[in-house]
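The values are calculated or read from the model by the stated rules, or taken from the named source; none is laboratory data. These numbers come from a predicted model, not from an experiment. A quick note on method: Cβ atoms are made from the backbone with ideal geometry, for glycine too, and the neighbour counts reach across all protein chains shown. These accessible areas exclude ligands, DNA and RNA; they are computed on the full protein's heavy atoms, side chains included. Shrake-Rupley method; radii C 1.70, N 1.55, O 1.52, S 1.80 Å.
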Amino acid sequence: DNNRSIWVGLDKGIDNISFDNPIEIYQEKGEQLGAVYTASLVGNILYVGTNRGVFTYHNESGRFFYSGFLDNSQGQVWQIREMDGSLLCGHTNGTYQVKENSFSRISDVSGGFALQKLMKDGKEYLIQGTYSSLVIYRKSGNDWLYSHQVEGFIEPSRFVETDHLGNIWVGHSVRGLYRLRLSDDLKKVTEITLYGQKDGLPSDFNIRVFKIANRVVFATGSLLFTWNDLEDKLIPFTELNKQLEGFETSTGIMDAGNNKYWFTRKNDIALFEITGNKAKQLYRLLLPLYKLSMVDNYENIISLSPNLDLICLDNGFAVFNHSFLTSGFHDNSKLIWSDICSSNSDGKIKELNNSTSPIILNHSFNNVSISFSVINNPGITKLFQYKLEGLEKGWSNWSEKAEVRYTRLPKGEYTFRVRTLTLTGKLTDPIQIRIKLLPAWYESTLACIIYFLLALLSLWGLLQVNRNRIEKHHNLLRTDELAKRQVEKQLAEQEIITLQNRNLQAEISHKNIQLADSTMSVMKKNELLIEIKNELAKQKEAMGDRYPIRYFNRLNHLIDKNISNDNDWQIFESLFDQAHENFFKRLKGSYPDLTQSDLKLCAYLKLNLSSKEIAPLLNISVRGVEIRRYRLRKRLALSTDSNLVEFIMQF
């Protein structure tokens, strides 16, 4: 056909053989490559670094053939890069130099992440980020030799770049972004500046450092940033962000040579040509089109030659040929409708004519199925995006399904749009079709008229009902007037009773106050007499025989007589019975075995007095009060779980 592909008729269908596919995939079945992280083409030998070691391929006219495994390279390989004729390998066990089939270590510092050139006083050095520190290499003839580790900075440094002012930029996975200055002998860090969310970055996590046109840029996953050296602050790279068509959210930027750069975001990659601050997308590749995926968080694309780029995959690698972009390929992919139909709840199906716009459907046929396909774009899996305007706001995720079904659509007008990708990864112009779903019969104009007439009939019925209700209401008013007068009479009587109750409550409150005053007066008097008695006993003890015993006994008898004054108790008992509705009579009636002392104790407990307060009233010790409380519990037959005070208070 026009795209130089061959269509093959088979016994059970047709196949398409495409010769213009820009991607060639290498996934060795005999040798398990593993996840590919890096690669370098030296002469006709391709060195591929994986999580298992280094594998080699032989190059023949842009195609690669497996050669074998490089001895002694077992382990995680982070970077293979040719530096001035020397092939260096950053390995989990250190850094190695590769010469033909030899693999010799030049540094024991674990984890060689990134090698970059560093100019100092007209001399070339290499600076390398590792698991733990920065490492400097010096040139010796045609070889690079380990020089030293940089002191003063102990951090894993996966992303390292240098700028024209001699700054070292290090992207950290969790702390943000470091800008370092080294001493003149490059042996230690003299200045450290840490940038993060406080300086305008979206977050402190996974800040990655790259170069575009010799300018350091920082990928954050949301926008690209750059450094304003005059004000020493990070700013969004606005001119570039506006032109990257969504790839300003990239987490990886790789130089493809000739002002071309790969931008990666998960398994979606794009090739841009950037000159000055102008960016133009040349090619976009969704790896799911080819059933491929890159190593998560370690996406990498390596330029092998002006026309070939190697894409690192999680189970092999792929080679992209730039010549595809200039080979005269006719990218004339076209979307067409395959079938449009609707169905009702009974399963009846109607075929629809997609040339009619809008397609008008009865409400019962509100299940719509739309299928579509691509012509003039063979050779790869097709991915589609679609949306139903009027129901969905944004485009769907990319899907291989070429059919969409909507069920139970509400009434309204909809526009269905679908788009796909061309072989160069560009979006096609969407095709669209309009659909108008009529309202259900109960929402039609005739139904609305019927509803209006029913409403009028209902209103007339309500008026009749209301008229009858008014007549009944007049009768009820007369009845209510009589009832109202009766209620007013009852309320007046109730008010009199309420006033009587208030007077009784006031009288009880007054009695309670008198009772409290009487109790406090007796308590204070007894406490004073007991204190005098105790003082008299102390004086007798101090004076001995000098204090005549007859005087001492006479005073003691006089004090005891006043402490246990029956007149005080009679006043108290009278006030207490008035305030507590014949409490003693009720208590004696329920428990006839109670003594006079028990009744006094119950009265004091009813007033919620403590044992310490009761003791002077009974002219006994606190211990004596506790003993009387114990005897009282026995006479009242209270269980050990019952509270004596609560029982008396509620009696």
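Take residues that are β-branched (Val, Ile, Thr) and tell me which of the helices (runs of 4 or more DSSP H) falling wholly in the range 582-651 contain 1 or more.
Those helices (runs of 4 or more DSSP H) span 611-618, 622-636, 644-650.
Whether any residue in the range 131-140 is under 25 Å from VAL189 (Cα atoms), free of Cβ contacts under 8 Å to residues at least 24 places away in the same chain, open to solvent by 60 Å² or more (accessible area, probe 1.4 Å) and over 46 Å from the mean Cα position of the chain (by Cα) is what I want to check.
Yes: one or more hits.
Does the range 224-240 hold any residues that are outside any strand (DSSP E or B) and among the hydrophobic types (A, V, I, L, M, F, W, C), and which are they?
LEU230, PHE237, LEU240
Scanning for something farther than 20 Å from VAL170 by Cα, of a type in the set (Ser, Thr, Tyr) and modelled with pLDDT of 95 or more, does the range 247-261 turn up at least one residue?
Yes, the range 247-261 contains a residue that is farther than 20 Å from VAL170 by Cα, of a type in the set (Ser, Thr, Tyr) and modelled with pLDDT of 95 or more.
State all residues of the range 291-308 that are surrounded by fewer than 16 Cβ atoms within 10 Å (Cβ to Cβ) and of a type in the set (Ser, Thr, Tyr); if no residue qualifies, say none.
SER293, SER305
Quick one: TYR146 ticks every box in (1) among the hydroxyl-bearing types (Ser, Thr, Tyr); (2) under 40 Å from the mean Cα position of the chain (by Cα); (3) at pLDDT 95 or above bar one, so which box is it?
Every listed condition holds for TYR146 apart from (2).
Under 7 Å by Cβ, and 6 or more places apart or on different chains, what pairs join a residue from the range 1-23 that is in contact (Cβ under 8 Å) with a residue 24 or more places away in the chain and exposed (fewer than 10 other Cβ atoms within 10 Å of the Cβ) with one that is not acidic (Asp, Glu) and not in a strand (DSSP E or B)?
Close Cβ pairs satisfying both conditions: ASN2/HIS330.
For the range 45-64, state whether one or more residues are open to solvent by less than 10 Å² (accessible area, probe 1.4 Å), over 43 Å from the mean Cα position of the chain (by Cα), under 29 Å from PRO22 (Cα atoms) and aliphatic (A, V, I, L, M).
Yes: the range 45-64 contains one or more residues that are open to solvent by less than 10 Å² (accessible area, probe 1.4 Å), over 43 Å from the mean Cα position of the chain (by Cα), under 29 Å from PRO22 (Cα atoms) and aliphatic (A, V, I, L, M).
Determine if the range 44-53 includes at least one residue that is part of a loop (DSSP other than H, G, I, E, B) and of a type in the set (Gly, Ala, Ser).
yes
Is it the case, given these coordinates, that ILE433 is out of contact with any Gly (no Cβ under 6 Å at 6 or more places or on another chain) and within 30 Å of SER333 (Cα to Cα)?
Judged against the criteria, ILE433 is a match.
Take ARG179 and tell me if it is under 23 Å from TYR298 (Cα atoms), of a type in the set (D, E, K, R), surrounded by 14 or more Cβ atoms within 10 Å (Cβ to Cβ) and at pLDDT 95 or above.
yes
A quick yes/no check of all residues on (1) of a type in the set (S, T, N, Q); (2) out of contact with any strand residue (DSSP E or B) (no Cβ under 6 Å at 6 or more places or on another chain); (3) farther than 30 Å from GLY200 by Cβ:
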residue: PHE64; (1), (2), (3): no, no, yes
residue: TYR96; (1), (2), (3): no, no, yes
residue: GLY112; (1), (2), (3): no, no, yes
residue: TYR131; (1), (2), (3): no, yes, no
residue: ASP163; (1), (2), (3): no, no, no
residue: GLY166; (1), (2), (3): no, yes, no
residue: ARG175; (1), (2), (3): no, yes, no
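Go through the range 65-86 and give me each residue that's assigned to a loop (DSSP other than H, G, I, E, B) and open to solvent by less than 10 Å² (accessible area, probe 1.4 Å).
Residues satisfying the conditions are LEU70, SER73.
Out of the residues in the range 350-381 meeting the condition of being at pLDDT below 85 and in contact with a helix residue (DSSP H, G or I) (Cβ under 8 Å, 6 or more places away or on another chain), tell me which one is farthest from PRO288 (Cα to Cα).
Only one residue fits best here, namely ILE380.
So ILE192 fits all but one of (1) of a type outside the set (Asp, Glu); (2) modelled with pLDDT of 95 or more; (3) under 30 Å from VAL319 (Cβ atoms); (4) open to solvent by 20 Å² or more (accessible area, probe 1.4 Å); what number is the exception?
Among (1) of a type outside the set (Asp, Glu); (2) modelled with pLDDT of 95 or more; (3) under 30 Å from VAL319 (Cβ atoms); (4) open to solvent by 20 Å² or more (accessible area, probe 1.4 Å), ILE192 violates only (3).
Restricting to the range 612-647, and then to whatever is hydrophobic (A, V, I, L, M, F, W, C) and within 60 Å of the chain's Cα centre (by Cα), can you tell me which residue is least open to solvent (accessible area, probe 1.4 Å)?
Looking at the filtered set, the residue picked out is LEU644.
Quick check on my filter: what residues within the range 141-158 are over 23 Å from THR38 (Cα atoms) and without any contact (Cβ under 8 Å) to a residue 40 or more places away in the chain?
Scanning the range 141-158 gives GLY141, SER147, HIS148, VAL150, GLU151, PHE153, ILE154.
Kindly indicate whether LYS511 is open to solvent by less than 80 Å² (accessible area, probe 1.4 Å), at pLDDT 70 or above and within 22 Å of LYS600 (Cα to Cα).
For LYS511, the condition - open to solvent by less than 80 Å² (accessible area, probe 1.4 Å), at pLDDT 70 or above and within 22 Å of LYS600 (Cα to Cα) - is not met.
Restricting to the range 290-307, count the residues that are in contact with a helix residue (DSSP H, G or I) (Cβ under 6 Å, 6 or more places away or on another chain) and over 17 Å from GLN27 (Cβ atoms).
So the answer is 1.
Give me a count of the residues in the range 225-275 that are open to solvent by less than 10 Å² (accessible area, probe 1.4 Å), closer than 23 Å to GLY196 by Cα and over 34 Å from the mean Cα position of the chain (by Cα).
Within the range 225-275, residues that are open to solvent by less than 10 Å² (accessible area, probe 1.4 Å), closer than 23 Å to GLY196 by Cα and over 34 Å from the mean Cα position of the chain (by Cα) number 0.
Is the range 31-41 home to any residue that is surrounded by fewer than 15 Cβ atoms within 10 Å (Cβ to Cβ) and within 48 Å of the chain's Cα centre (by Cα)?
Yes, the range 31-41 has at least one match.
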